[in-house]
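The values are calculated or read from the model by the stated rules, or taken from the named source; none is laboratory data. Bear in mind that the values here come from a model prediction, so they are computed numbers and not experimental data. Virtual Cβ from ideal backbone geometry, glycine too; neighbours counted across all protein chains shown. Keep in mind that these areas ignore ligands, DNA and RNA; they rest on the heavy atoms of the full protein, side chains included. Shrake-Rupley method; radii C 1.70, N 1.55, O 1.52, S 1.80 Å.
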Amino acid sequence: MSFDDFFKANLPQVDSFHPHFNESLVWILNAGGKHFRAKLLLGVVEALSKDLNLVKNAYSVAMGVELLHTYSLIHDDLPTMDNADFRRGVQTIHKKFDETTAVLVGDALNTHAFYMLSQANLDPKNIIKCVEILSKNGGIYGMIIGQAIDCHFENKKLNLDDLIFLHTKKTGALIAASMQMGAVIAGCGEESCDQIYFTGIDLGLAFQIHDDILDATSTSEDVGKPVQNDAFKNSFTNLLGIEEAIKFRDNLEDKIISSLENTALKNLISNLINQYLRG
């Protein structure tokens, strides 16, 4: 079974008489998405262990990452934050259903992420370590403080160092956590896991810069969500301009590939950069 098949077969559902809660739970999950973080995690497991059974046993952890990421998107789209109308080419949950449903679905996917981790057929010590990594980077030490800074400093221009801090936390932390969890599952030592985490921080930052570039240069039809929507936000294109942001992204990607020279992860990360972050 592929990860995509596993993902579809394990979408969250609950028995109740609520008229649309099950539909809302999977509304954004069914709308597509690249599953970048999940496939990054699984790719790291495969590259470092070469054990396809271990990769399959990590599907639950990878799905947990995607659920946590999707919850963050749902809350980010709410009227109190970005007030977005579309996500992944469909109406956002608060537009399709209502704001209360969107809040609850976000809460549900956040908690269900850790349920999925608990179901993984892995060494219990590694499951606990993955819970620690995901909760740390998806919580107050990572994504949440990044989002808090992003919201608080909207309409207030940050300098480059502060902008890097913001997006290292908001976007980079969860991508880095995905790589680190993959290394843990593959049985790497603590030092190697930490090194892989910091490579993931750089990759996450490159991912955010690329997203800023897409927002400034693409159409809504291209990316399935509103674009040119960051005029008042602290983005790399707003601070540096599009050309300099592209140079920043490309230099960061070159640094990542160089740091992985003669490692088992070089081909994986090179391919992901070429697939998702080039052009």
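Compute the Kirkwood hydrodynamic radius of the stretch 1-115, taking the inverse of the mean of 1/r over all pairs of distinct Cα atoms, and give it in Å to one decimal. Please report the intermediate quantities before stating the final value.
Numbers: mean 1/r = 0.0677 Å⁻¹.
So the Kirkwood estimate lands at 14.8 Å.
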Length-normalised contact order for the chain - Cα pairs under 8 Å, 6+ apart - percent = 19 percent
request  = Could you calculate the contour length gain from residue 140 to residue 5, that is, 0.36 nm times the residue separation minus the distance between their Cα atoms, to one decimal place in nm?
outcome  = 45.4 nm
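Can you figure out the FRET efficiency of residue 261 with residue 128, using R₀ = 35 Å and their beta-carbon distance, to the nearest 0.05?
Working: r = 33 Å, r/R0 = 0.94.
The value I calculate is 0.60.
Per 0.36 nm of contour for each residue apart, how much would the distance between residue 14 and residue 98 grow if the chain were fully extended, relative to their Cα-Cα spacing?
Numbers: separation 84, 0.36 × 84 = 30.24 nm, distance 1.90 nm.
Extra length available between residue 14 and residue 98 comes to 28.3 nm.
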inquiry  = Checking the table 96/157; 56/96; 8/96 against a 29 Å threshold on Cα-Cα, which pairs fail?
reply    = 96/157; 56/96
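Just tell me, in residue order, which DSSP H segments of the chain are both 24 angstrom or longer along the helix axis (alpha-carbon based) and at least -0.5 in mean Kyte-Doolittle hydropathy.
Numbers: long enough: 59-76 (26 Å, 0.52); 99-118 (29 Å, 0.58); 190-217 (40 Å, 0.07); 242-259 (26 Å, -0.47).
Correct list, ordered by number: 59-76, 99-118, 190-217, 242-259.
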Cα lying deepest toward the dipole's positive end in the chain, options 57, 252, 180, charges on Cβ = 57
task = Set Lys and Arg Cβ to +1 and Asp and Glu Cβ to -1, take the dipole of the chain about its Cα centre, and tell me which of 239, 140, 20 lies farthest positive.
result = 20
key: Computed over the stretch 108-151, Kirkwood Rh from alpha-carbon pairs, angstrom   = 11.3 Å
message = For a bin width of 5 Å, list the pair-distance distribution of the chain built from all Cα-Cα distances, rounded to whole %.
response = 1, 6, 12, 17, 19, 18, 13, 9, 4, 1, 0, 0
request  = Take the alpha carbon gyration tensor of the stretch 88-237, find the square roots of its eigenvalues, order them as a ≥ b ≥ c, and report rounded if a/c is under 1.5; if not, report prolate when a/b exceeds b/c, else oblate.
outcome  = oblate
note = For residue 48, the accessible surface traced by a 1.4 Å probe with all protein chains present amounts, in square angstrom to the nearest 10, to 60 Å²
ask   = Rounded to the nearest 500, what is the chain's calculated 222 nm mean residue ellipticity when only DSSP H runs of at least 4 contribute -39500 (n - 2.57) each, over all residues?
value = -20500 deg cm²/dmol
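Given a 1.4 angstrom probe, I'd like the percentage of the accessible area of the stretch 1-111 that is carbon and sulfur, rounded to a whole number. Could the numbers behind the result be given before it?
Numbers: 2490 of 5010 Å².
Whole-percent figure for carbon plus sulfur exposure: 50.
Quick one: putting +1 on the C-beta of Lys and Arg, -1 on the C-beta of Asp and Glu, what dipole do you get for the chain around its Cα centre, in Debye to the nearest 20?
Numbers: 24 positive and 36 negative charges, 72 e Å.
My answer is approximately 340 debye.
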message = How much length would be gained if the chain were fully extended between residue 30 and residue 271, taking 0.36 nm per residue of separation minus their Cα-Cα distance, in nm to one decimal?
response = 84.2 nm
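Counting only protein chains, not ligands or nucleic acids, how are 236, 97 ordered by accessible area (probe 1.4 Å), most first?
97, 236
Could you state the accessible area per residue of the chain in Å², with a 1.4 Å probe and every protein chain left in place? Don't jump to the answer; show the numbers that get you there.
Details: 13230 Å² over 279 residues.
Accessible surface, normalised per residue, equals 47 Å².
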